[in-house]
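Q: Have a look at the structure that comes next, please.
The values are calculated or read from the model by the stated rules, or taken from the named source; none is laboratory data. These numbers were taken from a predicted model, which means no experiment stands behind them. Counting neighbours? That spans all protein chains shown, and the Cβs are built from the backbone with ideal geometry, glycine included. These accessible areas exclude ligands, DNA and RNA; they are computed on the full protein's heavy atoms, side chains included. Shrake-Rupley method; radii C 1.70, N 1.55, O 1.52, S 1.80 Å.
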Amino acid sequence: REHQYTERQMERRLKKAAAQIRRAGGVDILLTHAPARGCGDADDYAHRGFECFLDFMDRYKPACLVHGHVHMNYGSSIVRETSYGSTRVINAYERHVLEL
């Protein structure tokens, strides 16, 4: 499947972007389809988040990580917003107004 990535493949994609991110002086908002592992993801394989996004947030400390993929109607335990360190993690399923 062309647009479904393993953890390792996603990690490589982030590493390829590192030089561009450094030249830009960092990143303020990380916009992803999938969530970070343990930050609004689910336990099933299809909705498990990427651990490499945690490493990314540790390194670059973006103000926000905005993701989708985990629909709010999957269950009452799905949260709209959480945090990881200083990064706001927002599940933008369907739509979400982001106040900056």
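Q: State which residue is farthest from M57 (Cα to Cα) when the search covers only segment 4-29 and only residues that are in contact with a helix residue (DSSP H, G or I) (Cβ under 6 Å, 6 or more places away or on another chain), aliphatic (A, V, I, L, M) and assigned to a helix (DSSP H, G or I).
A: Filtering segment 4-29 for residues that are in contact with a helix residue (DSSP H, G or I) (Cβ under 6 Å, 6 or more places away or on another chain), aliphatic (A, V, I, L, M) and assigned to a helix (DSSP H, G or I), the one farthest from M57 (Cα to Cα) comes out as M10.
Q: Starting from segment 1-21, take each residue that is over 15 Å from C52 (Cα atoms) and list its partners that are open to solvent by less than 100 Å² (accessible area, probe 1.4 Å) and assigned to a helix (DSSP H, G or I), counting only C-beta distances under 7 angstrom and pairs at least six apart or across chains.
A: Between residues of segment 1-21 that are over 15 Å from C52 (Cα atoms) and residues that are open to solvent by less than 100 Å² (accessible area, probe 1.4 Å) and assigned to a helix (DSSP H, G or I), the close pairs are I21/Y60.
Q: Could I ask something else about it? Can you name the residue in segment 77-100 that is within 28 Å of A19 (Cα to Cα) and outside any strand (DSSP E or B) and is also least open to solvent (accessible area, probe 1.4 Å) among such residues?
A: Residue satisfying both the conditions and the ranking: A92.
Q: Now for a different question. Being open to solvent by 30 Å² or more (accessible area, probe 1.4 Å), within 19 Å of L98 (Cα to Cα) and modelled with pLDDT under 90 is the filter here, so list the residues in segment 41-76 that pass it.
A: Passing the criteria: H69, H71, M72.
Q: Filter segment 56-100 down to the residues that are under 20 Å from E11 (Cα atoms) and without any contact (Cβ under 8 Å) to a residue 12 or more places away in the chain and list them by number.
A: R59
Q: Being open to solvent by 30 Å² or more (accessible area, probe 1.4 Å) and in contact (Cβ under 8 Å) with a residue 24 or more places away in the chain is the filter here; which residues of segment 27-37 pass it?
A: V27, D28, I29, L31, H33
Q: Here's another thing I want to ask about it. May I ask you to list the residues in segment 38-59 that are closer than 16 Å to S77 by Cβ and touching a Lys or Arg at 6+ places or on another chain (Cβ under 8 Å)?
A: The answer is D41, A42, R48, G49.
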